[in-house]
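Report on the structure given below.
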Amino acid sequence: ALLSANPVWTSDYAFMAIYAEKYTLGLYKSSTNAWSLVPGVEALEDTVHCKEFYVVNCQGNIFACDVTPPSHVMKLVVPYPQEYYYDSNCKKYIVESPGELLLVIRV
């Protein structure tokens, strides 16, 4: 789970969480005071906020999530490189490094 901004500093923030057995994405927006399901991608492993929300699924694909109303759109921004070994049992993380996002795979 993660916040887009500190609620102490601003009243306009979003809270995103991966939940349930399908590892789907839920979004709470303070502006609407409501939870919603973000459709389009399941089997999510990690999420990060770096100017916008990003998620990685169990295949290692990275998606950007547009959380502006009225709908939430998931856009594939970095497909998992096919030339690398793939193991769905390896945990995937998105890590923010100064100015960049990195995909880290724990083997």
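Just the residues that are in contact (Cβ under 8 Å) with a residue 24 or more places away in the chain and open to solvent by less than 30 Å² (accessible area, probe 1.4 Å), please, taken from the range 29-45.
38, 41, 44
Residue by residue, here is whether (1) in contact with a Lys or Arg (Cβ under 8 Å, 6 or more places away or on another chain); (2) of a type in the set (Ser, Thr, Tyr); (3) surrounded by fewer than 12 Cβ atoms within 10 Å (Cβ to Cβ) holds:
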| residue | (1), (2), (3) |
| --- | --- |
| 60 | yes, no, no |
| 63 | yes, no, no |
| 66 | yes, no, no |
| 73 | no, no, no |
| 76 | no, no, no |
| 80 | no, yes, no |
| 90 | yes, no, no |
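The values are calculated or read from the model by the stated rules, or taken from the named source; none is laboratory data. Computed from a predicted structure; not experimentally measured. When we count neighbours, we look across all protein chains shown, and the Cβ atoms used for this are built from the backbone with ideal geometry, even at glycine. For the accessible areas, the whole protein counts, side chains as well, though only heavy atoms, and no ligand, DNA or RNA atoms are used. Shrake-Rupley method; radii C 1.70, N 1.55, O 1.52, S 1.80 Å.
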